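S.K.: Take a look at this one; I'll ask things after.
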Amino acid sequence: MAILDILHFPDPNLRKKARPVETIDARIKTLASDMLETMYKEGGIGLAATQVNVQKRVVVIDLSELRNEPMYLINPEIISSEGVEQMQEGCLSVPDYYDLVERAEKVSFRYLNLAGEAKEVNADGLLAVCIQHEIDHLDGKLFIDYLSPLKRQRLRKKLEKQDKLQAQIL
Ligand code: GNR
Ligand code: NI
């Protein structure tokens, strides 16, 4: 088990598109469990491999209060979506910033679990938002891409400054 470093916007690696997993081998299982541990430590509800600088289509999610209902999603895909809903979003790659994003209200998605079994889920509410947010990461997209260029520019400046200061301390 290991805690992984999470990339912060505007790191260009967050813009890379992740490749599908071909074989769910020991390396993928280690990656997924390290991602889960990292997500728990940072207090997130989801994490995409892109955020830990691995360009593979692997996502972990846990929406439970007790942090004991992990979902490991390999090659997740949205099959269909309906409706529109706004929700306040945050992202571990955009620390300390929250804003409203409009997304599909309900989605059906499929994925492989760590045993390689195909699963299909109909989701609404937080799970629907989270899976859309995580698949966006795998495609190099961030929730702040849905905001105005001005807001994004301000955030870029703030986070660049913050991460530069952090680098001096470390
Ligand atoms: O922890 C997270 N919370 C969250 C809240 C609303 C919408 C999406 C999310 S995902 C985020 C963790 C993260 O950055 N996942 O990529
Ligand atoms: Ni995120």
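The values are calculated or read from the model by the stated rules, or taken from the named source; none is laboratory data. Please read all numbers here as calculations on a predicted model, not as lab measurements. Remember, those area values only see protein heavy atoms, side chains included, never the ligands or the DNA or RNA. Shrake-Rupley method; radii C 1.70, N 1.55, O 1.52, S 1.80 Å.
S.K.: Using the Kirkwood radius built from alpha carbon pairs, what does the Stokes-Einstein equation give as D for region 57-153 at 20 °C and 1.002 mPa s, in µm² per second?
M.R.: Reported coefficient: 151 µm²/s.
S.K.: On average, how much accessible surface per residue is there in region 1-102, in Å², for a 1.4 Å probe, leaving out ligands, DNA and RNA?
M.R.: With all protein chains present, region 1-102 gives 54 Å² per residue.
S.K.: Using bins 5 angstrom wide from zero, how does P(r) for region 118-161 break down, in % of all Cα pairs?
M.R.: 5, 18, 18, 20, 18, 9, 5, 5, 2
S.K.: For the chain, modelled as a Gaussian network with Cα springs under 10 Å, which listed residue fluctuates most, 56, 157, 106?
M.R.: 157
S.K.: Between their Cα atoms, which of 16/56; 56/106; 16/141; 17/41; 56/141 are more than 18 Å away from each other?
M.R.: 56/106; 17/41
S.K.: Taking the chain as a Gaussian network, where each spring joins two C-alpha atoms under 10 Å apart, which residue of 96, 34, 62 fluctuates the most?
M.R.: Among 96, 34, 62, the largest mean-square fluctuation in the Gaussian network model of the chain belongs to 96.
S.K.: Quick one: if you take sqrt(5λ) for each eigenvalue of the C-alpha gyration tensor of the chain, what semi-axes come out, biggest first, whole angstrom?
M.R.: 25, 21, 14
S.K.: Specify the residue with the greatest mean-square fluctuation among 113, 68, 13, computed from a Gaussian network of the chain linking alpha-carbon atoms under 10 Å apart.
M.R.: In the Gaussian network model the winner is 68.
S.K.: Would you give the gap between the C-alpha center of region 26-57 and the C-alpha center of region 134-170, rounded to a whole Å?
M.R.: 19 Å
S.K.: What number, in percent, do you get for the relative contact order of region 1-94 if the mean sequence gap of Cα pairs under 8 Å and at least 6 apart is divided by its residue count?
M.R.: Value for region 1-94: 31 percent.
S.K.: Over the chain, what percent of the accessible surface lies on carbon and sulfur atoms, probe 1.4 Å?
M.R.: Summing carbon and sulfur atoms, their accessible area is 50 percent of the total for the chain.
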